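Note sheet for the following structure.
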Amino acid sequence: MDADADQVADTTPTDVASWRYLNLLPCSSELERSEPDKAVKLYKEAICGNPGSYKLWHAYLLFRTRQLEGKPLDDPLYETVNKCFDEALVFMHRMPRIWIEYCTLLDRQLFVTRTRRAFNKAIESLPVTQHTRIWPLYIEFVKRSYVPVETAVRVFKRYMQLKPEDAEEFIDYLHVKNRIDEAATLLCDIINRPHFQSKRNKTKYQLWEELCDMICEYADQIQSINAEAILRDGIARHSDQQGRLWNALARYYVHLGMFASARNIYDEAIHAVKTKKDFVEVWEAYTNFEEKYIERLLEQDDLTEEQMFDLEIRQASLEELITNNGLLLNRVALRQNPHNVREWQKRVQLCDQLPDAPTAKEETFIEAIKTIDPKQALGRYEDIWIDYATFQVESNDIERAREVFDKAVEAKFAKYDDLARVWCAYIELELRLVSGRAMKLAKRSTVTLKNLNLWSLYADLEENFGTFASAKAVYERILDLRIATPQLILNYADFLEERNYFEESFRAFERGVSIFKWPYSLPIWHTYLSKFFKRYGFKKLDRARDLLEHCLKDCPSAHSFEIYLLYAKLEEEEGLLSRAQDVYSRAVTKIEPKQRGDLFKIYIMSMMKLVDITEIRSIYEQAISTLDNKRARDFCLSYANLEEEQDEIDRARTIYSYCSQMCDPRVDKEFWTLWAEFEQRHGNLESIDDMLRIKRSVEAIQPHQMLPVNPSAA
C-alpha cells in the first residue's frame, strides 16, 4: 500500500459489508478478475461505510484504472473512472498519490484543460511541503507538444516562484518555442542575481555567452531588454573576454541590418581593447565584415551612384584598416601601459607609413611627453626628449630642436642622471653645429648636477677649447665632488703629462690611489709606476722605495707579483743586496702560491751573480720547503745539478735521496732515470744498491703517504 495511507487513520468501519470486504481483501485480486461487477459493488459498499479510508479508496481506484488496460481512449469506461477519481478527491484531496494518478490518467486521455485544472486543484489542495511531488509532473505535462505555449508559460512562471533555481529549464523551453524575447529577459535576470547557482554547473560568464549568442542570433526578436546596454555591461565585467563581447555587440547590429552602427561598434572596439588577443579578434572580425560588405555590393549588377560612392568609401576604409594594423596594435600596448617609452618610440617609427609622416611624428612626440609620467616610465623617459630634438635636427629645424632641448632640461625626471643625459645630448648637438654654445651649456649644466658623464664631457670641452687652468679646475672639481673613476684619474694625469706638468701628474696619481682602494686602484698604480720609472728610472731611490711600499701596503696577493719583482730589481741595481733579499723573502709569503715557483726561479737567477754558493743553497732549501711536491721536485733536480757542478757529489746524492720521498717510481720515472745516470757517473756498487733499496721502499709506500721532509735535515 502507498505510504500516504500512514498520514490519515482509517475510521472504524460500521457497515457489515465493509467488514466483509476487508476480510476478503487478501483475495480481492481473484475476485476482481472473476467477478468485476461484484468487486465494484463490494468496494462501493465498503467506501460508503468508511469514506475516509485511504486504503479503500486507493485499492478501488487502482482496480478501476486496471480495467482501462487495452481499451481505446473513447471508451465510456474512461469517463466512469474519471468520476471515481472526482468522488475520491472529495475525501482524499490531501493525498498527493491520488492527485498524481488522476492527473496522469487525464493526461493519457489528452485532456489539456481538465489535466491543467486537476494539477491546479492539486496544488491548491495540498500543503506546500507536498508541492514538490506535483510540480515535476505538471512541468512535464505542459512541455508536451499539444499543450498551448501560453498555458505552459503561465505554469512555468508559477513554478519559478517555488523553484527559481530551475530557471534554465524554463529558458530552454522558451528557446525551443521561439519565445526568444522572454528567454533573453529571464536569462538576463538570472545573470543579475548575485547568489544564483546554476544546476548545470555553468559559470556566470558561460551564461553571458549564452545571452550574447541569443541576442546576436535573434536580434530582431529582442524587444524587452536593452541589448547594447547588456553587452556593454558584459564588456565592463569580463575584461579578459572583451574582444569576443565587442564582436557580439557588432554582430547584433549586423543581424538587425544596421551596418553603420555595427561599423561604429567595431571602430570603438578597435580603440578600446587593451590586449593583443582581443585586438586580433576584433580586427579580424572587422576586416571580415568589410570584405563581405564589399562583396555584396560587387555582386549587384547595376549599382546606383550612391552605392558606387559607398563602395569606394568602404574599399578605402578596408585598405586603411589593413595599412594601420601596426599603429592600431601599438595603441593597444599604450592603453595597457601609457608610460611605456619603447612603445612610444615604436609608434614614432610606425608613423613613417602614413601619408603625412612628419606631422604625425610631431604629434606623437607631443602626446608622449604629455602622457608619460617619469616616475612610472618603462624605459628611458629622456630618450623621448632626445629623439624629439633629433627629429627636429633631421628636419633641418635647428631652432626648433634647441627649443625642445630647452624645455627638456626644465622638465621633471625621476633621476638626475636622466636629466644629465639630456644635457649631454644638447651639448653634443651644439658641438656638431660648431656654434660656440657647447661650453656655456656645459658650465650651466654642471652647476647643480654631479653626473660623471656630464662632467667628463665638460672636462673634454675645456681640454680642447679652454685654457690649461680652466681644464685643470674642472678636473679638480670632479675630484672634490668624489664622482671620479679610475679612467678619469688616468685622463687627468695624461692631460698634465702632455703639458709637461710631471709632478702635478704624479700628484694626480697619488690622489687617485687615495680615493680608490684595491682592486679598483690597480690600473692607476700600474700606470703610475710605469710613468714614474720611465721618467726617473732608479735614480730617486728613497722616493721609489716609498712609492712601492705604499703600493704594496694593501695590495692583494693576486696583483703583487709584478710589483715585488720591480721592487727587487730596484734594490738589485741601485739599492742594497740585503734589501733585495728581504723583498724576495717578503714576496714569497705575499704572492699567490701558484706564482711562488716562478718567483724562486727569478730569485735564484738574480742571486747567482751577487752571492756565494752558501746563500744560493739557502734559497733552494727555502723553495723546496715552501713549494708543493711537484714544483719542489724540479727545484731538487736543479739544486742537485748545481751541487754536481760544484763537485759536491755527496751533497747532490743527499738531495736525490731527499727528493725520492716525493717521487713515486710508478709515476715519476724521469726522476729515477736521472738519479741512476748520476750514480753511473759518480757512484759505485754500494751507492747504486742504496738507490735501488730506496726505490723499493718508496714503491711500497702508498702515494698519499709520500710527504716531503725537511731538506735541511736531509
### Task
Please identify every one of the chymotrypsin sites (Phe, Trp or Tyr not before Pro) in the stretch 458-558 that sits in a loop by DSSP and has no more than 15 other beta carbons within 10 Å of its own beta carbon.
TYR520, PHE538
### Task
Starting from the Cα of GLN349, step 7 Å along the direction of its Cβ; do the same at LYS601; then give the gap between the two resulting points in nm.
5.5
### Message
Can you tally the net charge around GLU670? Count Lys and Arg as +1, Asp and Glu as -1, for every other residue whose Cβ sits under 14 Å from the Cβ of GLU670.
### Response
+1
#### Entry: Percent RCO, i.e. relative contact order, over the stretch 333-416, from Cα pairs under 8 Å lying at least 6 residues apart
28
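Got the relative contact order for the stretch 174-257 handy, in percent, Cα pairs under 8 Å and 6 or more residues apart?
Computed value for the stretch 174-257: 32 percent relative contact order.
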### Query
For the stretch 320-459, what percent of Cα pairs sit more than 28 Å apart?
23
### Query
So which chymotrypsin sites (Phe, Trp or Tyr not before Pro) in the stretch 82-176 are both in a DSSP loop and have at most 13 other Cβ atoms within 10 Å of their Cβ?
TYR146
### Message
Checking the table LYS163/LYS204; LYS361/LYS412; LYS531/LYS590; LYS71/LYS157; LYS204/LYS276 against a 29 Å threshold on Cα-Cα, which pairs fail?
### Response
LYS71/LYS157
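For an R0 of 22 angstrom, estimate the FRET efficiency from the Cβ-Cβ distance between ARG444 and ARG499 and round to the nearest 0.05.
Numbers: r = 27 Å, r/R0 = 1.23.
With a Förster radius of 22 Å, E is 0.25.
Could you work out the local net charge near SER530, counting Lys and Arg as +1, Asp and Glu as -1, over the other residues with Cβ closer than 13 Å to its Cβ? Intermediate values should be presented prior to the final figure.
On the way: positive: LYS531, LYS534, ARG535; negative: ASP494, GLU497, GLU562.
Result for the local shell: 0.
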### Query
Assuming a viscosity of 1.306 mPa s and a temperature of 10 °C, what translational diffusion coefficient in µm² per second does Stokes-Einstein assign to the chain, Rh being the Kirkwood radius over Cα pairs?
40
### Query
For the chain, what is the relative contact order in percent, using Cα pairs closer than 8 Å and at least 6 residues apart in sequence?
4
### Task
Within the stretch 361-438, report the GluC sites (Glu not before Pro) that DSSP leaves as loop and that have at most 14 other Cβ atoms within 10 Å.
GLU410
### Task
Return one number: the angle in degrees, 0 to 90 and rounded to the nearest 10, between the long axis of the Cα atoms of helix 242-255 and the longest principal axis of the Cα atoms of the chain.
40
### Query
What is the Cα centroid distance between the stretch 629-658 and the stretch 347-425, reported in whole angstrom?
77
### Query
HN-Hα J couplings of the stretch 422-430 from phi, Karplus 6.51/-1.76/1.60, θ = phi - 60°, integer Hz, Gly and Pro as x?
5, 4, 4, 5, 5, 5, 5, 4, 5
### Query
So, counting K/R as plus one and D/E as minus one, what does the shell of residues with Cβ under 9 Å around ARG437 add up to?
+1
### Task
Only residues of the stretch 145-166 count here: report those whose backbone N is under 15 Å from the spot 7 Å along Cα→Cβ of LEU73, or say none.
145-148
### Message
Given a Förster distance of 51 Å, report the FRET efficiency between LEU327 and LEU433 from their Cβ-Cβ distance, rounded to the nearest 0.05.
### Response
0.95
### Message
Modelling each spin label as a point 7 Å along the Cα-to-Cβ direction, I'd like the GLN680/LEU692 distance in nm, to one decimal.
### Response
1.5
### Task
For the chain, find the longest principal axis of its Cα atoms and tell me its angle to the long axis of helix 36-49, 0 to 90°, nearest 10.
80
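Each value in this text was obtained by applying a stated rule to the coordinates, not by laboratory testing. In this text the structure is predicted, and so the values were computed from the model without any measurement. We place every Cβ from the backbone using ideal geometry, glycine too, and count neighbours over all the protein chains shown.
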